[in-house]
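The values are calculated or read from the model by the stated rules, or taken from the named source; none is laboratory data. Predicted model only: the values in this text are computed from it and were never measured. Here the Cβ positions follow ideal geometry from the backbone for every residue, glycine too, while neighbour counts run over all protein chains shown.
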Amino acid sequence: MVVARDGGPSTAAQRDVAEAWTSAIIAAGIPVARTEGDRPKPRISFGAPLPVGMAAEGELIDVILTERWPAWQVREALTDRVPEGWRLIELVDVWLAGPPLAGQVAAADYRIELAGAADAPDAPAIADAAAQLLAATSLPRERNKGGGSVTYDLRPLVLGLAIDAGPPVVVRTRTRFHPERGTGRPEEVLAALGDELGRPLQAVSIVRERLVLSDDLGPTRD
């Protein structure tokens, strides 16, 4: 399933999101397969955790069924049960023997709308800063972790960066999900752009446009 979520002040963590969708799918009467063992669970998996409160336009959910239902029937069953703030966008058949969904997610595309303050940098200046970031061999950053901070390199996690002149000015970035290096966060990309410009950039909104699977990604730098 491809689903979307409105942005806002929601405090729902990924566990809450997963529980809400699982409850909705079961309540819809969809014949969901279950795992084996003493405590079988519905075979429903999610592409990647979505940051709390962030809007999304193309999140992925895998649901394994015990019988084949046409897409219209699944959509009809779910129409009145989709969790609050979410929308069902598309239903797609996938190869049942393929790898788990979470292991296939390699990157995500984000759209960051910038505040249009009178003293804010203009689009050409931000585009120049973006070009400098992409040309850099490394981008040392610090990230809070476990009550402290750790230093990491943001550059290998940024796969794309472009500026729409607007108005409003929009930063588009593709960041990587890496099993060892971690995840490139859009707010960190924005902070790195601000450092390059010598002044912070303020986001009006951040939207995760879609998750990118490894088969669709192509070669990446390590």
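Observations on the model:
- Flag for GLY29 being outside the structural domain of ILE163 (by TED's automatic domain parsing) and buried (at least 18 other Cβ atoms within 10 Å of the Cβ): no
- Condition met for ASP16 (loosely packed, with under 14 Cβ neighbours inside 10 Å and in a loop (DSSP other than H, G, I, E, B)): no
- One residue from ALA56, ALA108, ALA118 being in a loop (DSSP other than H, G, I, E, B) and closer than 20 Å to VAL204 by Cα: ALA118
- Among the numbered conditions (1) over 25 Å from SER214 (Cβ atoms); (2) under 24 Å from the mean Cα position of the chain (by Cα); (3) not in a helix (DSSP H, G or I), the only one that TRP69 does not meet is (2).
- Pair list, Cβ < 8 Å and 6+ apart or interchain, from region 31-44 residues that are within 20 Å of TRP69 (Cβ to Cβ) to residues that are in a loop (DSSP other than H, G, I, E, B) and aliphatic (A, V, I, L, M): VAL32/ILE64; ALA33/ILE64; PRO42/ALA33; ARG43/ALA33; ARG43/ILE64; ILE44/ILE64
- For region 99-111, the criterion of being loosely packed, with under 14 Cβ neighbours inside 10 Å and either closer than 16 Å to VAL171 by Cβ or touching a residue at least 24 places away in the same chain (Cβ under 8 Å) (or both) is met by at least one residue.
- Hey, GLU187 out of contact with any helix residue (DSSP H, G or I) (no Cβ under 9 Å at 6 or more places or on another chain), surrounded by fewer than 19 Cβ atoms within 10 Å (Cβ to Cβ), more than 19 Å from ALA48 (Cα to Cα) and outside the structural domain of ILE61 (by TED's automatic domain parsing) or not: no
- Annotation: of all residues in region 32-53 being within 15 Å of the chain's Cα centre (by Cα) and part of a loop (DSSP other than H, G, I, E, B), the one that is surrounded by the most Cβ atoms within 10 Å (Cβ to Cβ) is GLY47.
- In region 190-222, of all residues being part of a strand (DSSP E or B) and basic (Lys, Arg), the one that is surrounded by the most Cβ atoms within 10 Å (Cβ to Cβ) corresponds to ARG208.
- Among the residues listed as ALA136, ALA77, ALA127, the single one being farther than 21 Å from GLY182 by Cβ and assigned by TED's automatic domain parsing to the domain that holds VAL212: ALA127
- Take the conditions (1) in contact with a helix residue (DSSP H, G or I) (Cβ under 7 Å, 6 or more places away or on another chain); (2) modelled with pLDDT of 95 or more; (3) among the charged types (D, E, K, R); ARG81 misses just one of them, which is (2).
- Top-ranked residue in region 121-150 [being in contact (Cβ under 8 Å) with a residue 60 or more places away in the chain and not in a loop (DSSP other than H, G, I, E, B); ranked as farthest from the chain's Cα centre (by Cα)]: ALA125
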